[in-house]
1. Taking a label point 7 Å from Cα toward Cβ, how far is residue A:139 from its twins in the other copies, in nm, shortest first?
2. Say a label goes 7 Å from Cα toward Cβ at residue A:74 in every copy; what distances in nm does this one have to the rest, shortest first?
3. Could you please put B:125, A:111 in sequence from largest to smallest accessible area, using a 1.4 Å probe?
4. Grab the Cα-Cα distance for residue A:28 and residue A:44, subtract it from 0.36 nm times how many residues apart they are, and report the gain in nm with one decimal.
5. Consider the operator that turns chain A into chain B: which A residue has a Cβ nearest its axis, and what is that gap in Å?
6. So for the stretch B:22-93, averaging the separation of alpha carbon pairs under 8 Å that are six or more residues apart and normalising by length, what relative contact order in percent results?
7. What figure, in Å² to the nearest 10, do you get for the accessible area of residue A:41 with a 1.4 Å probe and non-protein molecules left out?
8. Per-residue HN-Hα couplings for the stretch B:53-59, Karplus 6.51 cos²θ - 1.76 cosθ + 1.60 at θ = phi - 60°, whole Hz, x for Gly and Pro?
Protein chains: 2
Amino acid sequence: MTLEPPPSPTRRADAERNRAKIMAVARTAFAESDTEVSMAEISRRAGVGMATLYRNFPDRRALLEALYTDEVDAVCGATETVIGGSPGALLIAWLHRFFAFSTSKRLIASELLTHADSTSPVFGESRARVLVSGRPLLAAAQRAQEVRGDLTLEQILDMIVAIARIPGDPGYLEPILQSALDGIRLPTAVEQS
Amino acid sequence: MTLEPPPSPTRRADAERNRAKIMAVARTAFAESDTEVSMAEISRRAGVGMATLYRNFPDRRALLEALYTDEVDAVCGATETVIGGSPGALLIAWLHRFFAFSTSKRLIASELLTHADSTSPVFGESRARVLVSGRPLLAAAQRAQEVRGDLTLEQILDMIVAIARIPGDPGYLEPILQSALDGIRLPTAVEQS
């Protein structure tokens, strides 16, 4: 029995670059097109062979799940990258980020639903992770009395997801989101802009 | 050829009473049950014969449409029955009424969709009528600077429908609605309660 040598640092870096390239291309492709983008098309646009594509993502569903999980990671990570501002402003900024996720993931999520059923652990785990990430932000904003205390994070996120699902372009949805987010701030904390 | 005599006032009153009884029973039956309530069950509960039921509503779809239209009439009429209060308070009261309609009509509307397609004129006409009814309320509240000027009635109603569709009991949904409605009021007009 022969042992394969471990991949060299260069080869590992190549592999990571390929994976990142595939993800980036797939993200764009799914965002700009309502129709199913084929794996062949993704391989072509990413400039990687079909073998490389399938080594990274055994099937379309694996690719969709990776994109979805990647987006959830970004939302969860965004609680740390927002710098400065009051606890209320931090929460609101993060909720805007969550809204962007909720609209952008719509296409991926709905496609994922055709490949997995809606009880797929990907969805349930994502919600749990987002809740864990956001809870400290809401608690801090409520402690600072900048945000109303009669809403849970579940209620706030459900409201945002509901707004993200309203049919319409960003110009139609943004003012609705803005209004809804003004509503969660306590009256004394609303700044005139 | 013999002409039938016109119905006597008593018979006409009886007919109206029967129709109202059927509608009331059907409204309750649909509200309390997720399962399809049969026409026979509605006839039994209303205490009218099947012949009377079918004379009023030739089929299940006709009954559902009548219930739906009845609810829309009530929402449209509610702009006139709200008495007193500032223009902003009038609008908010009417939006609460619309929310109640949006949650209660959910069952009827979804059942109606199985009997008619979603492009059924019943839905489009209802939306148009509700918009016509609410527009003067919003205009007055915006003129009084009690409600933000950057939202159209379409946007406000879409937000309320979206919230009404969030899965959850009234105790879960009410605070979300309250928060969203606080958001459409201008900061200076939010009263501390």
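The values are calculated or read from the model by the stated rules, or taken from the named source; none is laboratory data. In this text, all values refer to a predicted model and were calculated from it rather than measured experimentally. Here the Cβ positions follow ideal geometry from the backbone for every residue, glycine too, while neighbour counts run over all protein chains shown. The area values use the complete protein model at the heavy-atom level, side chains included, leaving out ligands, DNA and RNA. Shrake-Rupley method; radii C 1.70, N 1.55, O 1.52, S 1.80 Å.
1. When each copy's label point is compared with this one, the spacings are 5.1 nm.
2. 4.5
3. Solvent-accessible surface, decreasing: B:125, A:111.
4. 4.4 nm
5. Residue and rounded Å distance to the axis: A:183, 1.
6. 24 percent
7. So the heavy atoms of residue A:41 present about 50 Å² to solvent.
8. 4, 6, 5, 6, 9, x, 8
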